[in-house]
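Engineer: Before anything else, here's the structure in question.
The values are calculated or read from the model by the stated rules, or taken from the named source; none is laboratory data. These numbers come from a predicted model, not from an experiment. Every residue, glycine among them, receives a Cβ derived from its backbone with ideal geometry; neighbour counts consider all protein chains shown. With ligands, DNA and RNA removed, areas are computed over all heavy atoms of the protein, side chains included. Shrake-Rupley method; radii C 1.70, N 1.55, O 1.52, S 1.80 Å.
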Amino acid sequence: MTPDAEGEIVQFDNVGLRYGTGREVLSDVSFTLYPGSFYFLTGASGAGKTSLLKLLYLAQRPSRGAIHMFGTDAITMPRERLPLLRRRLGVVFQDFRLVPHLSAFDNVALPLRVSGAAERDIVQPVADMLEWVGLADRMDARPATLSGGEQQRVAIARAVIGRPQLLVADEPTGNVDPDMAVKLLRLFEALNRLGTTVVVATHDAHLLRKVPESLIMRLDKGRLSDPTGALRYPPRRQTGPA
Amino acid sequence: MNDAPPIPQAASRLPRRSAEIVPQARMSGPIPWVIAIMVALMVVAAAGGLALRNTGKAAARELSGGITVQIVEARPAERDRQARAALALLQRAQGVTEPRIVPQAELDALVEPWLGEAVDEQAQGGGQGDSLGVPVPALIDARLAGSLAPARLAALQEQLRRTAPSARVDDQAIWLRPVFGAAQSLQWLAVALIVLLSGATGAAVLLAARTALGNNRETIEIVHLLGGTDAQIAAIFQRSIAFDAIGGGVVGFGAAFVVIALLGRSFAQLQAGIVTGSALGWMDWALLALVPAVAAVVATITARWTVMRALRRML
Ligand SMILES: Nc1ncnc2c1ncn2[C@@H]1O[C@H](COP(=O)(O)OP(=O)(O)O)[C@@H](O)[C@H]1O
Ligand SMILES: [Mg+2]
C-alpha cells in the first residue's frame, strides 16, 4: 500500500466548473476517493465525466470548491509543485494524446523519462508492457500509423507503466473489441491490487459488471449521485492478493 | 490472454538530462538561414565600421604634425629663392623636423591628374617646370613636434613671411577633415545598421520560437500533463533553437569572412596608401566573432523566455 493508505487520496468539496462564461458543467461535486479502491464514473455523454477527470488529473482548475489530492490542497498549491503531483498519476486521455513524432515505445517510456528513471529501468518494462497489450511488433510505429484501438492500448500502457498511485482512465475501452476490453480491465485490476486507486470513466454499462468489487459514481448533467453509497462513507477496502 | 500483466517495480530514479525526454524539436526550416543572413550582414557592417576606424586612426597618425609650406609665386627664379630661404628658416626653427623641398618629379606627379601628360613635356622644354603658363607652387613638407595649435601655425607663418613673402603654411590634416568626417558618419551608419539588424534578428527568433511552440503545442501539453517541469520542456526548445542559431551563425560568419577577404584583396590592389592601415587586426576579428556568439545567446534566451511564458499560462 502507498504511504497515503490511511487517508484519502482525493477529496472534492462542493466543486463547480464552468468553461469561460458558459453554464456550469459540474455543480456541487463532493466525493472522496480511498486508496486501493476501483471506481467507475458513469453517465451519459455530455454529463461531465471528462470534465471531472480533467480536474482529477490537474489539467483544469475548478471555478469553485476545494480539491485535495494526496493530502495537499491542489488549488492553492504553488505551480512548481504540480509536476511532482502529476507524476503520481497515470492518465488515459479520451483522445489518447500520444506524442505524434515519438514511436509507440518512446510514448510508453515518456512518463519514466520525465520522472528521471534510468534507461536500464525503462527498456525491458516498456517492451514487456507493449508485448502484453499485443503491440510487440508495433513498438517502433508512430501513432499516426496505428489504428484507434492500437493507439488506445499505447495510451493505456503509458498510463500504467510508472505504477501510479492514482490511475484515471477516460473511456479507455471505447475503441477496442470486447475481448481486448476485458483484458485491459484486468490490467487495471492488477494495478489496483498493487495499491493503485483506479477511476475509469465509461458510458458502457456492460463494463461495470466486469469488475464486481467496483464502486460506482454516476454523473447526471454535472451533478454527482451516489448509487452505491461509495462516496459518502469509507468504502469496503480491496483486500485482494498483492 | 491469461498471462499476468507485467507491471514494473518502481524504477530507480537518477538525474538525467531533460533533452532526452523528447528528441529535439526542430525549428521551422528557414530560421537558421534567416539567422545566417542577419549574422553575415551584421559582420560585414561591423567589419566595414572597424576598417574605417582603423583607416582613420592610421591616416591621423600619418598626417598629424605634418605641415606643408607653399610658395605661391609666379616668377620661377623668385619662387626658387623664396623656397630655399624658407627651407633654411625651417631647418633652423625650433620644433620643426624633416623639412624638405618636394622634388619637381613629385610635383609633376601631383598635378598630372589635373593638367595631363603635357606638363612633363612642357617641363622638359621650358626648363623651369611651369607648363602651359600655369605656375605650380613650390612645396616644402615638414613635421612639427608636439601639438599643431593654430597659434603655432600663425607664428610660423609670420616668421616665414619675412624671408619668403609668398609662403603659405597649411596643416596637412586640414584638407582631410571632410574625409574624416565622412568616415565618422559611415562608422555611425555601421553602428545603426548593426542595431537595426540585431532588432530584426531578435524578432525573427521570437517568431521562430512562437512557431515552434505552436507546432509542438501538443507535445508540450502532453509532457506537461505527464509531470514534466517548465525547465524540462523549455530545454527541449532552447537546445534546438540554440543549435539552429549556432549553425546559422557559423554559416553567416563564414559567408561574411569570404566577403571581407575578397573586399580586402580588391582594396589592397588599389595600392592607395590610405587603405593600407585599414586591415583588420586580431582584436577586430575577435569582436566580429562576438556577433554570431551573441546572436546564439540571444536566440536561446528568447526561445526559453517564449516557452516559459506560454507554459506559465498553463495550469
Ligand atoms: N473545453 C470546453 N469548453 C467548453 N465547453 C466544454 C469543454 N469541454 C466540455 N465542455 C462541455 O461540458 C459538458 C460536459 O462535457 P464532458 O465533460 O466532455 O462530458 P462527457 O465526458 O461526460 O461526455 C458538455 O456540455 C460539453 O459541451
Ligand atoms: Mg468524455
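Engineer: For chain A, build the charge dipole from Cβ charges (+1 Lys, Arg; -1 Asp, Glu) around the Cα centre, then report which of A:SER37, A:LEU82, A:TYR19 sits farthest towards its positive end.
Structural biologist: Positive-end residue among those listed: A:TYR19.
Engineer: Using Cα positions and a limit of under 12 Å, work out the aspartates and glutamates in reach of A:LYS183, with same-chain residues fewer than 8 apart set aside.
Structural biologist: Within the straight-line cut-off, A:LYS183 pairs with B:ASP3.
Engineer: For segment B:210-315, which semi-axes, largest first and in whole Å, follow from the square roots of 5 times the eigenvalues of its Cα gyration tensor?
Structural biologist: The equivalent ellipsoid of segment B:210-315 has semi-axes of 45, 11, 9 Å.
Engineer: With a sphere of radius 12 Å drawn around the Cβ of B:GLN187, what net charge do the other residues whose Cβ falls strictly inside it have (Lys, Arg +1; Asp, Glu -1)?
Structural biologist: Numbers: positive: B:ARG53, B:LYS57; negative: none.
Residues near B:GLN187 contribute +2 overall.
Engineer: Right, another one. Summarise the partner chain shielding of B:226-236 as one whole number: the mean count of Cβ atoms from other chains within 10 Å of each residue's Cβ. Provide the component values of the computation, followed by the final result.
Structural biologist: Working: counts 18, 14, 8, 7, 3, 2, 4, 2, 0, 0, 0.
Average neighbour count from other chains, rounded to a whole number: 5.
Engineer: Right, here's the next one. Nearest 100 Å², what total accessible surface is buried between chain B and chain A (probe 1.4 Å)?
Structural biologist: Separately minus together, B and A give about 3600 Å² buried.
Engineer: Taking the Cα centre as origin and putting +1 on Lys and Arg beta-carbons and -1 on Asp and Glu beta-carbons, what dipole magnitude results for segment A:164-203, to the nearest 20 debye?
Structural biologist: 200 debye
Engineer: Along its principal axes, what span do the Cα atoms of segment A:100-162 show, with the longest given first and each in whole Å?
Structural biologist: Principal-axis extents of the Cα atoms in segment A:100-162, largest first: 30, 22, 17 Å.
Engineer: Could you pull out every one of the lysines with an alpha carbon less than 16 Å from that of A:LYS221, ignoring same-chain neighbours closer than 8 positions?
Structural biologist: A:LYS49
Engineer: Which of the aspartates and glutamates could a cross-linker span from A:LYS210 if the Cα-Cα distance has to be under 15 Å and same-chain partners fewer than 8 positions apart are dropped?
Structural biologist: A:GLU171, A:ASP177, A:ASP179, A:GLU189
Engineer: Determine the dipole magnitude for segment A:88-205: charges of +1 sit on the beta-carbon of Lys and Arg, -1 on that of Asp and Glu, nothing else is charged, the reference point is the Cα centre, and the result goes in debye to the nearest 20.
Structural biologist: The calculation lands at about 380 debye.
Engineer: Can you run phi through the Karplus equation (6.51, -1.76, 1.60; θ = phi - 60°) for segment A:95-105 and list ³J(HN,Hα) in whole Hz, with x for Gly and Pro?
Structural biologist: Taking θ as phi minus 60°, the curve returns 9, 6, 6, 7, 6, x, 9, 9, 5, 4, 4 Hz for segment A:95-105.
Engineer: Moving on to the next point. Take each of the peptides B:154-163, B:236-245, average the number of other beta-carbon atoms within 10 Å over its residues, and list them starting from the highest.
Structural biologist: The packing order, highest mean first, is B:236-245, B:154-163.
Engineer: Moving to a separate point now. Ignoring ligands, DNA and RNA, please state the percent of accessible area on segment A:100-162 from carbon and sulfur, probe 1.4 Å. Don't skip to the end; give the middle numbers.
Structural biologist: Details: 990 of 2070 Å².
The C+S portion of the solvent-accessible surface of segment A:100-162 is 48 percent.
Engineer: Taking only protein heavy atoms into account and a 1.4 Å probe, give the accessible area per residue of chain A in Å².
Structural biologist: Value returned for chain A: 41 Å² of accessible area per residue.
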